[in-house]
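Here's the structure we're looking at; comments come further down.
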Amino acid sequence: MLPVLFRFTFTSLWAQLLLYAVAVGTVGYIVFNGWRGAQGELDAKTRVRAPVNITDRVLRAAGFGVAGAVLAWFGLKYALPAEAFPGGKGEGIPLHTYGVLLATGFMTALTVAGRLAQDEWRQLKQVDGQWVDVEGPKKREQVMDMAFWLLVGGIGGSRLLFVLVNWKDYARDWTQVLSLGGGLVFYGGLIGAAVAAWFFARAHGMDFLRLADVCIPTVSLGQCLGRLGCFSAGCCWGDVAPAGSVTAVHFPGAGLAQDLLGRVGNASSLAYSSQVEDTRFVVESTGQVLHQAVPEAVRISDWVLQHGHTLGVYPTQLFESLGQLGLFVGLLYARRFRRFHGQIFALWLMAYAVLRSTVELFRGDVERGTLHGLLESLGAQGLAEVVPLEAWYNISTSQFISLCMFAFGATLLYQKGRRGVGAEPSGGLGPTPSAA
């Protein structure tokens, strides 16, 4: 486990000036991209855009600039000390493995999606005796432009679902909703990003289902790397495994995790922080978790305090990472045999629902939200006792969403398949030459 790769500190004047320069350069680059990506107004009847004018460019660049400036302000306030920035916290910039892998997954998925979009909408025309793709590069740029809105929708949705699942904790202090130390939920991010993509597709005259077919396999590619980040942070951990299990892993407590330079950090893994407060009992030999003591059982919190790390748990993060990689490869191959727009999207909804529900059976982080926890938070203690934490029918929030997602995917696959709408026998990947 390597939660932090490196921590940048800004105690010297030169380091502070360098950070200011990076912030200004980043905002300037965001403004430039807003200017460059401006498009003219879309004609609702002809679906043709008018030539872009200076007003469109200025307004778009200004909007991007304001968003970039706000993000830079929060970043500087967090990283710089109070003497270098008003209200600064002086936390520096920790390079978390989770953040690096999450960002790498997002950028990798975006790059692949852009390439797939270019192939999907390829349209060749003969110009000056040469065949030129006149549509594919435009769609690739649109997908790249959509990334900003996917990021906003994804982060907003994932944070919102986390707060809803843990609403009882935030009810004490709702100002913590915007705290940088909060958690994120993949399904919330997926829903938020999907809503953002739908609005983007509608605004740019794109077929949403066709766009979804292009982008959805890359979600699995990004999540494949993202779950490795979860493993490095010790979140989304599995249930207690039997002693001697070859798949069991241990997550460290405070003072054990190191960075790339071998420096020991004070923070413990999230799995350890949870188990050190777990008052239930466990039989090590079988991994069975109980609410009362039995022969050979030990209290979970006592065991982890004594050993300085968690009990052996299933590496559910790695299970899902491998599953997501398999989904990405399988759906890329399935695109060759696509019969209608939305088919790959529907298959992904169904396949991931099965994968996630299966992985959830091995999860041990009750903080993610379960039926038992929901009943307890609503004050229905009697019903909560009927649905104990360890019961197989104590489904999690993610399993419930998976059931809904599978049903939606199956309905979409049946209805679109029966109609044969948008059928493309070649998978929509071949070039479409036409003379100019």
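What to note about this one:
- Scope the range 25-77; condition open to solvent by less than 60 Å² (accessible area, probe 1.4 Å), without any contact (Cβ under 8 Å) to a residue 40 or more places away in the chain and not in a helix (DSSP H, G or I); matching residues: Ala38, Gly40, Ala50, Val52
- Taking the range 302-321 as the range and being open to solvent by less than 30 Å² (accessible area, probe 1.4 Å) and either modelled with pLDDT under 95 or of a type outside the set (Ser, Thr, Tyr) (or both) as the test, the residues that pass are Trp303, Val304, Gly308, Thr310, Leu311, Gly312, Val313, Pro315, Gln317, Glu320.
- If the condition is being in a helix (DSSP H, G or I) and surrounded by 13 or more Cβ atoms within 10 Å (Cβ to Cβ), then the range 5-15 contributes only Ala15.
- Pick from the range 136-155, criterion among the small types (Gly, Ala, Ser) and within 11 Å of the chain's Cα centre (by Cα), ranking: nearest to Met206 (Cα to Cα): Gly153
- Criterion violated by Phe337 - all others in (1) over 30 Å from Ala254 (Cβ atoms); (2) crowded, with 17+ Cβ neighbours inside 10 Å satisfied: (2)
- For the range 238-268, the tally of residues that are at pLDDT below 90 and not in a loop (DSSP other than H, G, I, E, B) stands at 3.
Results for (1) open to solvent by 10 Å² or more (accessible area, probe 1.4 Å); (2) closer than 22 Å to Gly99 by Cα; (3) not small (Gly, Ala, Ser), shown as yes or no for each residue.
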position: Phe200; (1), (2), (3): yes, no, yes
position: Phe208; (1), (2), (3): yes, no, yes
position: Ile216; (1), (2), (3): yes, yes, yes
position: Ala233; (1), (2), (3): yes, yes, no
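- Scanning the range 78-99 for residues that are open to solvent by less than 50 Å² (accessible area, probe 1.4 Å), more than 20 Å from Val27 (Cβ to Cβ) and more than 23 Å from the chain's Cα centre (by Cα) returns Pro81, Gly90, Gly92.
- Residue pairs whose Cβ atoms lie under 9 Å apart, sitting 6 or more positions apart in sequence or on different chains, and linking a residue in the range 330-352 that is without any contact (Cβ under 8 Å) to a residue 24 or more places away in the chain to a partner that is open to solvent by less than 40 Å² (accessible area, probe 1.4 Å) and β-branched (Val, Ile, Thr), are Ala334/Ile344.
- Test: residue in the range 171-192 that is charged (D, E, K, R), part of a helix (DSSP H, G or I) and either out of contact with any Cys (no Cβ under 9 Å at 6 or more places or on another chain) or at pLDDT below 80 (or both): no
- Filtering the range 391-413 to residues that are in a loop (DSSP other than H, G, I, E, B), touching a helix residue (DSSP H, G or I) at 6+ places or on another chain (Cβ under 9 Å) and in contact (Cβ under 8 Å) with a residue 24 or more places away in the chain leaves Asn394, Ile395.
- When the criteria are applied in full, Val143 meets the requirement of being assigned to a helix (DSSP H, G or I), buried (at least 16 other Cβ atoms within 10 Å of the Cβ) and at pLDDT 90 or above.
- Residues being over 21 Å from Leu211 (Cα atoms), assigned to a helix (DSSP H, G or I) and aliphatic (A, V, I, L, M) - total across the range 101-140: 3
- Out of Leu18, Leu2, one residue alone is over 21 Å from Met144 (Cβ atoms) and either open to solvent by 90 Å² or more (accessible area, probe 1.4 Å) or in contact with a His (Cβ under 7 Å, 6 or more places away or on another chain) (or both). It is Leu18.
Conditions tested, residue by residue: (1) within 26 Å of Cys224 (Cβ to Cβ); (2) in contact (Cβ under 8 Å) with a residue 12 or more places away in the chain; (3) touching a strand residue (DSSP E or B) at 6+ places or on another chain (Cβ under 8 Å); (4) not acidic (Asp, Glu).
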| residue | (1), (2), (3), (4) |
| --- | --- |
| Ala82 | no, no, no, yes |
| Gly88 | no, yes, no, yes |
| Pro94 | yes, yes, yes, yes |
| Val100 | yes, yes, yes, yes |
| Thr111 | yes, no, no, yes |
| Leu116 | yes, yes, no, yes |
| Gln126 | no, yes, yes, yes |
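- Verdict on Cys235 being at pLDDT 95 or above, hydrophobic (A, V, I, L, M, F, W, C) and touching a helix residue (DSSP H, G or I) at 6+ places or on another chain (Cβ under 7 Å): no
The values are calculated or read from the model by the stated rules, or taken from the named source; none is laboratory data. Worth saying up front: this structure is predicted, and the values here are computed from it rather than measured. Reconstructed Cβ throughout: ideal geometry from the backbone, glycine too, with neighbour counts over all protein chains shown. Note: accessible area is taken over every heavy atom of the protein model, side chains too, but ligands, DNA and RNA are not part of it. Shrake-Rupley method; radii C 1.70, N 1.55, O 1.52, S 1.80 Å.
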